[in-house]
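Asker: Starting off with a structure, shown below.
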Amino acid sequence: MRILLIHSDHLKYQTKSKTRIAEKISEEEKAGEFINALVVFTAVEKEDEAKPEEIAENAVKEIIDVFRNVKAENIVIYPYAHLSSSLSSPKSAKTILTNIESKLAKMDLPVSRVPFGWYKSFEVSCKGHPLSELSRSITPLSLPKEEIEEKGEKSQFFILYNGECTDPEQFDDFNQDMKKLMDYELGRGESSGEEPPHVKLMREKKLADYEPSADVGHLRWYPKGRLIRDLLSDYVYTLVTDHGAMPVETPIMYDLADDAIRVHAEKFGERQYRMGGGKKDLMLRYACCFGAFRILSDSFLTWKNLPVGIYELSTYSFRLEKKGEVVGLKRLRGFTMPDLHTVCVDLAQSMEEFQKQIEMCKKTGEDLKVNYEVIIRTTAEFMQENKDWINHAAEKIGKPVLLEILPERKHYWVCKMDFAAIDYLGRPIENPTIQMDVESGERFGITYIDSEEHDNHPIILHCSPTGSIERVICSLLEKSALDMKEKAPMLPLWLAPTQVRIIPITERHLEHAAKLARELRNAHIRVDVDERPETVGKKIRSAGGEWVPFVIVIGDRELEGAELTINVRETGQKVSMGLQELIDIIRLETKGMPYRPLPLPMNISRRVNF
RNA sequence: GCCUUAGUGGCUCAGCCGGUAGAGCGAUACCUUGGUAAGGUAUAGGCCGGGGGUUCGAAUCCCCCCUAAGGCUCCA
């Protein structure tokens, strides 16, 4: 918001004609005169819409401050659009201006407001002393931090284990990761000041890199990284469709003129990308909720349909995170999140579905070989009424779970469960999540017909069974950095860009190498051939650097016999076996996991060095 | 966003109390036809992040900006 403050001897105005957005006024409001008045010319801006309350409060503070300083007798709020080129909607402007007026009136200050949306003539005579002309930009940020945080009491934390609810201070049967998670949640994590290793790894392994020509927190993905993303996408797709969800795809931007969209968007405050462009004020989605809810509210749902899940992978979701918070794959401004929304008839059904989704989230940890620690967050009220259910949820995890109890409901959910991997530096990477949403059904006008033919608003579960794709890759890389202390780091076999590398010793072994490669490729194994004229030692080393799980050297011996010598990265051993045996081993280990072919030239010498 | 630190060939870094721009890896070429984690030789490659200032002279000193990392805070 921009304001221009003029300390005037007098202000006179007269309304002339209405504009399209004029407010209704009484006869006596059509003209006015004020003596010794502080005139506040005010333009409400687009960005103010996110935090109207804070803006009004800050404006009031600023006005009172100047008012007392100049010792005026009146305050006049004067809507004056010409102070800004990025105006808010007239509706928000009226709301904010009225709000400022009533706040000042409540403090018994002599305040008046000139009508909004009229063409007016006016006369103002400025006193001309040093403080008589001031301009200010009002932002929600100028509100001191402590005052924002004052609202709401603090959460309480407990450890849930074996049906017991214990004070974290009293509990000592922790695994290391849970201890780290708890320290972090309770705000007593210590930091070593190191860089998270995944950032170096994602670049070194040519998976992804920063893109300086985009905004902060948007990445470029190289073929190997893109392959891993695609495999993970395939994985989640199969997982959720196996659970009965229906995939959809929805737009990435939404019109803020829709009230439901705007209110849901405001949950994110300033962390949104806004777009102008034409007459519409648009936001970029920060999750798939918007599109999913719009589909659901336009659908005809009956109790017989429910529970029903719709699924979308958000390539991309956008969140305008603070610059200093954006890091590698852990925190981005553009990210890809699997997002499942499950519509349930009531709390009871959503609680039942919730338990199934816990199983699903747990399974992703097993399939990805990532250890999750779990936090259940709930409102005090929900906890009170559903103790057994929460205990049951915690028991499913099979190890101690952190429980956060919030005194009041601050968000759209009453209960959520977060699964976090612990990174190399001992900090959580929040991955899968399940949330029980009691608000959006009503807000988005989503209804279903129950068996008595009444319309009802459903409870909606939000679930991301893996968390964002980027964070999954982040967890995998962080884990491999931890592994590095003890053994050769690697990705799960089904995600390894190259699963088998063949190294021919000399030119005369090339043909045989190519033949083996063809056979492996036909067996749906990602295989490549390092036919560069380098020494065997060097090629072995370079395969090691790429974390290739199986390496086969082809020389005269292999030309003669059927047995191959295979370097197995996992064990660090050289094993002798036939080709079919290798194929069987790989098939067994990647069973049930998605496959995509190698997205790179099979010959190493033809590869681009990104 | 704020505070701290950093930015030098594609990558990792040295040079930084001012005086001709350095190394290793990688790349390219040639030699080597080599059996399990770097074979040899040569060559190319730089607006020293950008802009301004001080100076006879700036990668080096000063100011502003950009980008990155760490911390604060919030999240998937």
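Asker: Kindly indicate which of A:40, A:60, A:76, A:124 is buried (at least 17 other Cβ atoms within 10 Å of the Cβ), out of contact with any Ser or Thr (no Cβ under 9 Å at 6 or more places or on another chain), of a type outside the set (Ser, Thr, Tyr) and not in a helix (DSSP H, G or I).
Answerer: One residue alone meets the criteria, A:40.
Asker: Working only within segment A:393-426, note down all residues that are open to solvent by 30 Å² or more (accessible area, probe 1.4 Å) and part of a helix (DSSP H, G or I).
Answerer: A:395, A:396
Asker: Kindly evaluate residue A:503 against the criterion of being within 10 Å of RNA strand B (Cβ to nearest atom), assigned to a strand (DSSP E or B) and open to solvent by less than 60 Å² (accessible area, probe 1.4 Å).
Answerer: yes
Asker: Tell me which residues, restricted to segment A:321-356, are within 10 Å of the chain's Cα centre (by Cα), within 6 Å of RNA strand B (Cβ to nearest atom) and either at pLDDT below 90 or of a type outside the set (Phe, Trp, Tyr) (or both).
Answerer: Across segment A:321-356, the qualifying residues are A:321, A:331, A:332, A:337.
Asker: Within segment A:414-461, how many residues turn out to be among the small types (Gly, Ala, Ser) and over 23 Å from residue A:258 (Cβ atoms)?
Answerer: Summing the residues that are among the small types (Gly, Ala, Ser) and over 23 Å from residue A:258 (Cβ atoms) in segment A:414-461 gives 4.
Asker: Continuing with this model, one more query. Residue pairs, Cβ under 8 Å, 6 or more apart or interchain, first in segment A:596-610 and on the phi > 0 side of the Ramachandran plot, second polar (S, T, N, Q) and surrounded by fewer than 16 Cβ atoms within 10 Å (Cβ to Cβ). List them.
Answerer: If the second residue must be polar (S, T, N, Q) and surrounded by fewer than 16 Cβ atoms within 10 Å (Cβ to Cβ), no pairs are left.
Asker: Still on this structure, I have one more. Which residues, counting only those in segment A:96-119, are surrounded by fewer than 17 Cβ atoms within 10 Å (Cβ to Cβ) and under 30 Å from residue A:257 (Cβ atoms)?
Answerer: Selection gives A:98, A:102, A:119.
Asker: Yes or no: segment A:572-589 includes at least one residue that is in contact (Cβ under 8 Å) with a residue 60 or more places away in the chain, part of a loop (DSSP other than H, G, I, E, B) and under 38 Å from the mean Cα position of the chain (by Cα).
Answerer: Within segment A:572-589 (the criterion being in contact (Cβ under 8 Å) with a residue 60 or more places away in the chain, part of a loop (DSSP other than H, G, I, E, B) and under 38 Å from the mean Cα position of the chain (by Cα)), the answer is no, since none of the residues qualifies.
Asker: Confirm whether residue A:286 is over 25 Å from residue A:197 (Cα atoms), touching a Leu at 6+ places or on another chain (Cβ under 9 Å), assigned to a loop (DSSP other than H, G, I, E, B) and open to solvent by less than 50 Å² (accessible area, probe 1.4 Å).
Answerer: The answer is yes for residue A:286.
Asker: Which residue, of A:313, A:347, is under 17 Å from residue A:250 (Cα atoms), open to solvent by 30 Å² or more (accessible area, probe 1.4 Å) and either of a type outside the set (Val, Ile, Thr) or not assigned by TED's automatic domain parsing to the domain that holds residue A:432 (or both)?
Answerer: Selected residue: A:313, the only one of A:313, A:347 that is under 17 Å from residue A:250 (Cα atoms), open to solvent by 30 Å² or more (accessible area, probe 1.4 Å) and either of a type outside the set (Val, Ile, Thr) or not assigned by TED's automatic domain parsing to the domain that holds residue A:432 (or both).
Asker: Right, another one. Determine whether segment A:553-568 contains at least one residue that is in contact (Cβ under 8 Å) with a residue 40 or more places away in the chain and within 30 Å of residue A:232 (Cα to Cα).
Answerer: No - not one qualifying residue is present in segment A:553-568.
Asker: Only one of (1) open to solvent by less than 10 Å² (accessible area, probe 1.4 Å); (2) assigned to a helix (DSSP H, G or I); (3) under 30 Å from residue A:231 (Cα atoms) is not met by residue A:390, so which one is it?
Answerer: Of the numbered conditions (1) open to solvent by less than 10 Å² (accessible area, probe 1.4 Å); (2) assigned to a helix (DSSP H, G or I); (3) under 30 Å from residue A:231 (Cα atoms), the odd one out for residue A:390 is (3).
Asker: Is it the case that residue A:533 is surrounded by 18 or more Cβ atoms within 10 Å (Cβ to Cβ), outside the structural domain of residue A:239 (by TED's automatic domain parsing) and in a loop (DSSP other than H, G, I, E, B)?
Answerer: no
The values are calculated or read from the model by the stated rules, or taken from the named source; none is laboratory data. Not measured: the values here are computed from a predicted model. Here Cβ is always computed from backbone atoms with ideal geometry, including for glycine, and neighbour counts include all displayed protein chains. Remember, those area values only see protein heavy atoms, side chains included, never the ligands or the DNA or RNA. Shrake-Rupley method; radii C 1.70, N 1.55, O 1.52, S 1.80 Å.
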